[in-house]
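**Student:** I'd like to ask some things about the structure below.
Read the figures in this text as sums done on the coordinates, not as results from a lab. Source: prediction; values computed, not measured. For neighbour counting, all protein chains shown are included, and Cβ atoms are generated from backbone atoms with ideal geometry for every residue, glycine included.
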Amino acid sequence: MRIIRTIKIDTDKCTGCRACELACAGFHAEPKYSTINPKRSRIRVQRDEQNKLFVPVKAGPYTEAECSGRNILVIKGKEYGECSFCRSACPARDLFKEPDSGLPLKCDMCGEPAPEEPLCVKWCLPGALTFHKRVEENGPVLPAEAEYADEVEEL
Ligand code: SF4
Ligand code: SF4
């Protein structure tokens, strides 16, 4: 058996308020809550105010090499940059890098012991982020699943 923890993101409900960034950044400061620097956050909100599009992106795995093939996304008629919604800390950009050390950041679902509800979810008052937990019967955790699912905990 294993528990899979996931955060569901509903961009239609996201107002771009960035409370999620602040909660995560404060929690991961050293000491905790001593500073609030959004660059330390494991969730960043990509904002297009003109089109009222706000997309929270949670930091995923680190990649050592930048992509050679990229995607261009068109949403409601507007074209978005190739790396706009990517989750990776990557050598090609500064996103998801610890501002002091430059080390890559990855969402840790708020560390150990895991909170009942991740902090970004707790402080997302518009309800754009919701936390889901499910128990699955045995079966191997595929490498891709282990890397990209938010949290997989073997029981
Ligand atoms: S789940 Fe926790 S660590 Fe991950 S982005 Fe949200 S606040 Fe940050
Ligand atoms: S706290 Fe919620 S509504 Fe505000 S920017 Fe983050 S995801 Fe969007």
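**Student:** So what is the 222 nm mean residue ellipticity for the chain from helices alone, if each DSSP H run of at least 4 adds -39500 (n - 2.57) and you divide by all residues, rounding to the nearest 500 deg cm²/dmol?
**Tutor:** Details: 3 runs with 19 residues, N = 155.
The helix contribution divided over the chain gives -3000 deg cm²/dmol.
**Student:** So, one more: Given R₀ = 25 Å, what would the calculated FRET efficiency be for Thr6 paired with Ala65, taking r from the Cβ atoms and rounding to 0.05? Don't jump to the answer; show the numbers that get you there.
**Tutor:** On the way: r = 27 Å, r/R0 = 1.10.
With a Förster radius of 25 Å, E is 0.35.
**Student:** Work out, step by step, the length gained on full extension between Ala29 and Lys13: first 0.36 nm times the residue separation, then minus their alpha carbon distance; give nm to one decimal.
**Tutor:** My answer for the length gained is 3.0 nm.
**Student:** Now a separate question. Determine, for His28, His132, the number of other Cβ atoms within 10 Å of each Cβ, and report the residues in order from fewest to most.
**Tutor:** Ordered from fewest to most neighbouring Cβ atoms within 10 Å, His28, His132 come out as His132, His28.
**Student:** Dipole of the chain, Cα-centred, from +1 at each Lys and Arg C-beta and -1 at each Asp and Glu C-beta, to the nearest 20 debye? Could the numbers behind the result be given before it?
**Tutor:** Working: 23 positive and 25 negative charges, 129 e Å.
It works out to roughly 620 debye.
**Student:** Taking θ = phi - 60°, what integer Hz values does the Karplus form 6.51 cos²θ - 1.76 cosθ + 1.60 yield along the stretch 124-136, in sequence order, with x for Gly and Pro?
**Tutor:** Whole-Hz 3J(HN,Hα) from phi for the stretch 124-136: 7, 5, x, x, 6, 10, 10, 9, 10, 9, 9, 9, 10.
**Student:** Pull up all non-local amide H partners of Val57: gap of 5 or more, or a different chain, and H-to-H distance under 5 Å with H placed in the peptide plane.
**Tutor:** Close amide H contacts, sequence-distant or interchain: Arg44, Val45, Gln46.
**Student:** Counting only GluC sites (Glu not before Pro) that sit in a DSSP loop (anything but H, G, I, E, B) with at most 15 other Cβ atoms within 10 Å, what is the longest stretch of the chain containing none of them?
**Tutor:** Details: sites that count: Glu49, Glu64, Glu66, Glu82, Glu116, Glu137.
Longest gap between qualifying sites, sites excluded: 1-48.
**Student:** For a quick check: sort Arg2, Arg87, Arg70 by the number of other beta carbons within 10 angstrom, fewest at the front.
**Tutor:** In increasing order of surrounding Cβ atoms, one gets Arg70, Arg2, Arg87.
**Student:** Another question, then. So for Met1, Met109, fewest C-beta neighbours within 10 Å to most, what's the order?
**Tutor:** With the fewest neighbours first, Met1, Met109 line up as Met1, Met109.
**Student:** For Glu117 and Gln50, compute 0.36 nm times the residue count separating them, minus their Cα-Cα distance, and round to one decimal in nm.
**Tutor:** 20.9 nm
**Student:** Projected area of the stretch 2-154, taken from the Cα convex hull and averaged over every viewing direction, in nm²? Could the numbers behind the result be given before it?
**Tutor:** On the way: hull surface 40.8 nm².
Reported value for the Cα convex hull: 10.2 nm².
**Student:** Can you spot the lysines whose alpha carbon is less than 21 Å from Lys58's alpha carbon? Ignore those fewer than 8 places along the same chain.
**Tutor:** Straight-line reach from Lys58, under 21 Å: Lys8, Lys13, Lys32, Lys39, Lys97, Lys106, Lys122, Lys133.
**Student:** To check you understand DSSP bridge types, tell me what percent of the beta bridges within the chain (both residues inside) are antiparallel, rounded to 5.
**Tutor:** Working: 22 of 23 bridges.
Antiparallel: roughly 95 percent of the beta bridges in the chain.
**Student:** Compare the Cα positions of Leu105, Ile75, Asn51 along the charge dipole of the stretch 2-154 (+1 at Cβ of Lys, Arg; -1 at Cβ of Asp, Glu; about the Cα centre) and return the one farthest towards the positive end.
**Tutor:** Farthest along the dipole direction, towards plus: Asn51.
**Student:** Determine the relative contact order of the chain: mean sequence separation of Cα pairs under 8 Å and six or more apart, normalised by residue count, in whole percent.
**Tutor:** This gives 38 percent for the chain.
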